[in-house]
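Here's the structure, in structure tokens; my notes come after.
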Amino acid sequence: MWKVKKSKIHASGVFATEDIKKGKRIIEYIGEKITKKEGDLRSEKRINKYLKSKTHGSVYIFELNSRYDIDGSPTYNKARYINHSCSPNCEIEIIRGKIWVIAKKNIKEGDELSYDYGYDFDKDDFKDHQCKCGSKKCVGFIVSSESRYKLKKFLNNE
């Protein structure tokens with residue numbers, strides 16, 4: 001139903017190998033189940049590593065619920081290659097303790113899968129997360145659709 005290959009958005013991406021109907025579960029985001037505290041520690045460590053090295057990196061920590069996160073960094077987790085888009089064709093649903101990537105609309109064979117990463121706007125670090133999705137709705141930074149108005153307001157006042 002999908003395969004990982006080179007992406008125009010960022011490094012690698014996940015692409016549909018067949019038409020996918022709206023509502024279809026596509027892939028589970030898998031990895032080590034860890035506590036929130038451990039998730040925060042791993043996130044901070046990885047972000048600092050990438051900032052110091054001046055390379056682009058990914059954190060791969062995904063919130064499962066109020067107590068646990070999933071560390072999706074192992075390479076067997078192919079869902080980690082799904083990129084953010086400001087006009088995504090997928091969404092995330094947590095079903096019975098599992099994180100699923102689900103088609104938000106009908107997806108055509110060859111289309112890159114994407115979802116909104118849901119990052120909150122933070123005026124101190126939003127510039128660390130540039131968006132290159134190419135969507136007409138793109139604001140240039142990876143922030144959730146709910147936070148885009150805050151980003152636009154902030155940028156207009158700068």
TODO: Starting from the Cα of Glu38, step 7 Å along the direction of its Cβ; do the same at Ser58; then give the gap between the two resulting points in nm.
DONE: 2.1
- [ ] With all distinct Cα pairs included, what does the Kirkwood hydrodynamic radius of the stretch 1-92 come out to in Å, to one decimal, could you say?
- [x] 14.6
Open item on the list: Which aspartates and glutamates, if any, have their Cα less than 20 Å from the Cα of Lys6, not counting same-chain residues under 8 positions apart?
Closed with: Glu18, Asp19, Glu109, Asp111, Glu112, Asp116
Open item on the list: Using each residue's phi in the stretch 111-124, evaluate 6.51 cos²θ - 1.76 cosθ + 1.60 at θ = phi - 60° and report the 3J(HN,Hα) Karplus result to the nearest Hz, with x for Gly and Pro.
Closed with: 6, 7, 7, 8, 8, 7, 5, x, 5, 6, 6, 10, 4, 8
TODO: Name the residues whose placed amide hydrogens come within less than 5 Å of the amide hydrogen of Ile27, ignoring near sequence neighbours (fewer than 5 apart) on the same chain.
DONE: Val101
Task: Set of lysines near Lys37 by C-alpha distance (under 21 Å), chain-local residues within fewer than 8 positions excluded - done: Lys45, Lys49, Lys98
TODO: Have a look at Lys21, Lys49, Lys78 and tell me which one the Gaussian network model of the chain (Cα, springs below 10 Å) gives the largest fluctuation.
DONE: Lys49
Task: Whether the stretch 32-133 is rounded, prolate or oblate, judged on the alpha carbon gyration tensor where a/c under 1.5 counts as rounded - done: oblate
Task: Unit charges on C-beta of K, R, D, E only; dipole of the stretch 1-89, Debye - done: 260
Task: Residue with peak Gaussian network fluctuation, the chain [Cα springs, cutoff 10 Å], from Arg25, Arg42, Arg96 - done: Arg96
Open item on the list: With +1 assigned to the C-beta of every Lys and Arg and -1 to the C-beta of every Asp and Glu, and no other charges, what is the dipole magnitude of the chain about the Cα centre in debye, to the nearest 20?
Closed with: 320
TODO: Quick one: which residues, 5 or more positions from Lys104 or on another chain, have an amide H under 5 Å from its amide H? H modelled 1.01 Å from N in the peptide plane, none for Pro or chain starts.
DONE: Gly23, Cys90, Glu91
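Readers should treat all values here as calculations from the given coordinates under stated rules, not as data from a laboratory. For clarity, every value in this text was computed on a predicted model and none was experimentally measured. Don't worry about glycine lacking a Cβ; one is built from the backbone with ideal geometry, like all the others, and counts go over all protein chains shown.
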